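Following: one structure in structure tokens, then a few remarks.
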Ligand code: FES
Ligand SMILES: [Fe+2]
């Protein structure tokens with residue numbers, strides 16, 4: 001036990017020379033001017049998760065996302081040639097949107113004056129074409145947005161010539177996640193929320209586990225914090241350039257409810273696993289690089305606004321899309337491994353409800369936190385060692401906004 005407590009008491013921030021240890025300013029969380037700089041330098045210049053390629057499995061399948069922080073609407077479509085592409089959803093005639101929602105089509109036809117484009121973005125037809133003067137039709141295709149597909153995830157970058165490719169941007173995180181079996185998983189739940197808080201306040205609530213005993217003071221608190229680790233300290237903080245990860249620990253002394261105990265026999269969940277106490281992450285490839293036997297799952301943050309959090313038998317993604325300095329649109333998707341039996345399918349439903357209930361708890365502090373910062377009463381934030389990833393986010397964003405290289 002002594003050895004375990006010593007392990008939990010370890011300080012991680014001083015091991016990262018790029019990180020400071022002092023208080024940080026509250027200004028970046030509340031300043032409209034700062035937010036405009038983030039829009040231009042952070043969001044319009046970096047890669048963001050927008051969906052999965054298996055959301056559009058067939059030629060002509062598409063979905064549209066209106067992305068306020070990028071000042072654009074984006075169509076993601078699988079063309080007749082099988083390629084996944086992204087386009088600005090803006091007609092080359094006078095700018096109207098040519099698609100909405102989700103669907104399947106061979107042509108996108110603008111609802112304003114009928115110009116149409118094929119599902120590879122090429123201009124296909126202009127009604128009454130003879131009325132126009134000297135059209136150079138080769139320049140009138142849908143305007144592409146930079147798109148990258150990795151492990152079935154689709155990322156976009158509003159910069160037509162991104163400074164780094166997506167895979168360069170991912171850096172060491174790509175190697176870390178490489179063996180994870182994303183292709184064996186299917187989506188089992190999807191949630192969205194618009195919350196009145198800054199996007200960094202929102203993300204911070206999901207990149208530390210210090211809040212678990214307080215915000216999740218029901219099942220998850222007992223399953224994560226407990227004897228030897230009452231503060232729910234995470235382990236193994238990892239920085240990959242602009243990206244970051246850590247691994248919350250699980251409480252190996254937790255006594256599951258009878259229903260949980262039954263479910264653990266067939267599937268890994270947020271509160272426990274089939275393999276405890278040897279390896280609570282289930283020995284899954286691509287997670288728990290520190291090899292800590294108490295790791296629950298890995299939190300992986302891809303700068304600036306995407307999460308791919310991976311556990312044993314399940315993973316989930318978050319997209320945080322700012323709407324304003326004090327409002328953020330959130331998209332959540334949960335995926336689980338294809339069940340091998342009916343019992344496993346039933347057991348997996350525990351993952352769905354534990355995840356949902358945890359998220360509802362996570363949402364409870366955000367708007368009050370933003371209001372506290374907006375009051376101007378709190379001019380600085382104090383990040384502890386366990387809030388290492390929050391500090392990393394603050395520093396990375398601040399360096400980019402100020403024109404430095406992190
Ligand atoms: S704006 Fe699309 S056809 Fe006129
Ligand atoms: Fe939480």
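Each helix, a run of at least 4 DSSP H residues, gives -39500 (n - 2.57); summed and divided by the residues of the chain, these come to -6500 deg cm²/dmol at 222 nm. Segment residue 106..residue 255, full-extension length gain: 48.1 nm, with 0.36 nm per residue of separation and the alpha-carbon distance subtracted.
Projected onto its three principal axes, the C-alpha set of the range 307-357 covers 46, 18, 12 Å, listed from the longest axis down.
Quick one: angle between helix 388-401 and the longest Cα principal axis of the chain, in degrees between 0 and 90, rounded to 10, please. Roughly 30 degrees between the two axes.
Once the Cα gyration tensor of the range 1-121 is diagonalised, what are the square roots of 5 times its eigenvalues, in whole Å and ordered largest first, as equivalent ellipsoid semi-axes? Can you show the working numbers first?
On the way: eigenvalues 386, 97, 21 Å².
Equivalent ellipsoid semi-axes, largest first: 44, 22, 10 Å.
Decide, for the range 183-255, between rounded, prolate and oblate: order the square roots of the alpha carbon gyration tensor eigenvalues as a ≥ b ≥ c, take rounded if a/c falls under 1.5, and otherwise choose prolate if a/b is larger than b/c, else oblate. In terms of gyration-tensor shape, rounded.
Among 47, 115, which comes first, then next, by fewest other beta-carbon atoms within 10 Å? Provide the component values of the computation, followed by the final result.
Numbers: 47 28, 115 21.
By the 10 Å Cβ count, ascending, the order reads 115, 47.
Once the range 60-157 is represented by equal point scatterers at the alpha-carbon sites, with solvent omitted, what log10 I(q)/I(0) does the Debye formula produce at q = 0.16 Å⁻¹? Relative scattering, expressed as log10 I(q)/I(0), comes to -0.64. Here residue 149 and residue 125 are evaluated by their C-beta separation; at R0 = 41 Å the FRET efficiency comes out at 0.90.
Calculate the all-directions average of the projected area of the range 110-150's alpha-carbon convex hull, and give it in nm². Display every interim value, and only then the final one.
Values: hull surface 15.3 nm².
The orientation-averaged projected area of the Cα hull of the range 110-150 comes to 3.8 nm².
Taken as Cα centroids, the range 90-163 and the range 327-361 sit 35 Å apart, rounded to the nearest whole angstrom. The ellipsoid that matches the Cα gyration tensor of the range 143-285 has semi-axes, each √(5λ) in whole angstrom, of 32, 19, 16, with the longest given first. In angstrom, the C-alpha Rg and Dmax of the range 351-406 are 15.3, 43. To the nearest ten degrees, helix 342-362 and the longest principal axis of the Cα atoms of the chain are 90 degrees apart. In summary, the chain shows an alpha-carbon radius of gyration equal to 1.06 times the 2.2 N^0.38 Å reference for compact globular proteins.
For residue 340 and residue 360, the difference between the fully extended length at 0.36 nm per residue and the C-alpha to C-alpha distance is 4.2 nm. Compute the orientation-averaged projected area for the range 242-386 from the convex hull of its Cα atoms and round it to one decimal in nm². Mean projected area for the range 242-386: 10.4 nm², to one decimal.
Computed from the coordinates by the stated procedures, all read-outs in this text should not be read as laboratory data. This is a predicted model, so every value here is computed, not measured. Ideal geometry is used to build each Cβ from the backbone, glycine not excepted, and the neighbour counts take in all protein chains shown.
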